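Peer 1: There's a structure below that I have some questions on.
The values are calculated or read from the model by the stated rules, or taken from the named source; none is laboratory data. Fair warning: this is a prediction, and the values are worked out from it, not measured in the lab. Don't worry about glycine lacking a Cβ; one is built from the backbone with ideal geometry, like all the others, and counts go over all protein chains shown. We work out accessible area using only protein heavy atoms, side chains counted, and drop any ligands, DNA or RNA first. Shrake-Rupley method; radii C 1.70, N 1.55, O 1.52, S 1.80 Å.
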Amino acid sequence: MQVYGLRDPRTGVIRYVGRTATTLKHALWLNRHTPSNPAVGEWIKELERVGLGPETVLLDQSDDPNALRRVILQLRSEGVDLLNRRIPSWIRL
């Protein structure tokens with residue numbers, strides 16, 4: 001499983017954290033065309049209006065079922081303003 005971030009190319013700041021069992025390219029495609037989080041979809045549209053797109057960054061690659069939660073909590077503790085609405089309840093600490 002890969003935990004990835006979508007980074008704003010204007011600021012270099014990660015705005016969204018997700019996970020995928022496929023490729024990072026496919027995860028980016030899904031976020032662009034069928035975002036599960038409306039705020040992410042709006043942010044991507046905002047970037048595209050100025051000719052940009054989010055950068056995909058690999059943040060973790062492991063079989064740890066808590067990797068997504070751990071990365072989100074770490075980034076939030078560092079003050080990163082993520083577009084993730086909440087940490088999914090199916091992810092255990």
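Peer 1: One quarter of the convex hull surface, Cα atoms only: what value does that give for the chain in nm²?
Peer 2: Taking a quarter of the hull surface, the average projection is 5.7 nm².
Peer 1: What are the trypsin sites (Lys or Arg not before Pro) within segment 1-82 that DSSP puts in a loop, where the Cβ has at most 12 other Cβ atoms within 10 Å? Before the final figure, lay out the partial values.
Peer 2: Numbers: sites: 7, 10, 15, 19, 25, 32, 45, 49, 69, 70, 76; in loops: 10.
Here the trypsin sites (Lys or Arg not before Pro) that fit, given the DSSP loop and packing criteria, are 10.
Peer 1: Considering only protein heavy atoms, what per residue accessible area in square angstrom results for the chain with a 1.4 angstrom probe? Don't skip to the end; give the middle numbers.
Peer 2: Numbers: 5640 Å² over 93 residues.
Here the per-residue accessible area is 61 Å².
Peer 1: Pulled fully out, how much extra length does the chain show between residue 24 and residue 57, if you take 0.36 nm times their separation in residues and subtract their Cα-Cα distance? Let's see the in-between values first.
Peer 2: Values: separation 33, 0.36 × 33 = 11.88 nm, distance 0.81 nm.
Difference between extended and current length: 11.1 nm.
Peer 1: So how strong a dipole does the chain carry about its Cα centre when Lys and Arg Cβ are +1 and Asp and Glu Cβ are -1, to the nearest 20 debye?
Peer 2: Roughly 200 debye, rounded to the nearest 20.
Peer 1: Continuing with the same structure: Which of the three applies to segment 1-49, rounded, prolate or oblate, going by the alpha-carbon gyration tensor with a ≥ b ≥ c and a/c under 1.5 meaning rounded?
Peer 2: Judged from the Cα gyration tensor, segment 1-49 comes out oblate (a/c at least 1.5, b/c at or above a/b).
Peer 1: Tell me the carbon and sulfur percent of the accessible area for the chain, rounded to whole percent, probe radius 1.4 Å. Mind showing how you got there, number by number?
Peer 2: Values: 2910 of 5640 Å².
After summing per-atom areas, the C and S share lands at 51 percent.
Peer 1: So how much accessible area does residue 13 have, in Å² to the nearest 10, using a 1.4 Å probe?
Peer 2: Result for residue 13: roughly 60 Å² accessible.
Peer 1: Can you give me the angle between helix 24-33 and the longest principal axis of the chain, using Cα atoms only, in degrees from 0 to 90, rounded to the nearest 10?
Peer 2: Approximately 60 degrees, to the nearest 10.
Peer 1: Only helical DSSP H runs with n ≥ 4 go in: add -39500 (n - 2.57) per run for the chain, normalise by residue count and round the 222 nm mean residue ellipticity to 500 deg cm²/dmol.
Peer 2: About -10500 deg cm²/dmol.
Peer 1: Mind pulling the angle between the C-alpha long axis of helix 38-49 and the longest principal axis of the chain? Nearest 10 degrees, somewhere in 0 to 90.
Peer 2: Taking the Cα atoms of the chain, the angle to 38-49 is about 40 degrees.
Peer 1: While we're looking at this one, here's another question. Quick check: the angle from helix 67-77's long axis to the longest principal axis of the chain, C-alpha only, nearest 10 degrees?
Peer 2: The two axes meet at around 70 degrees.
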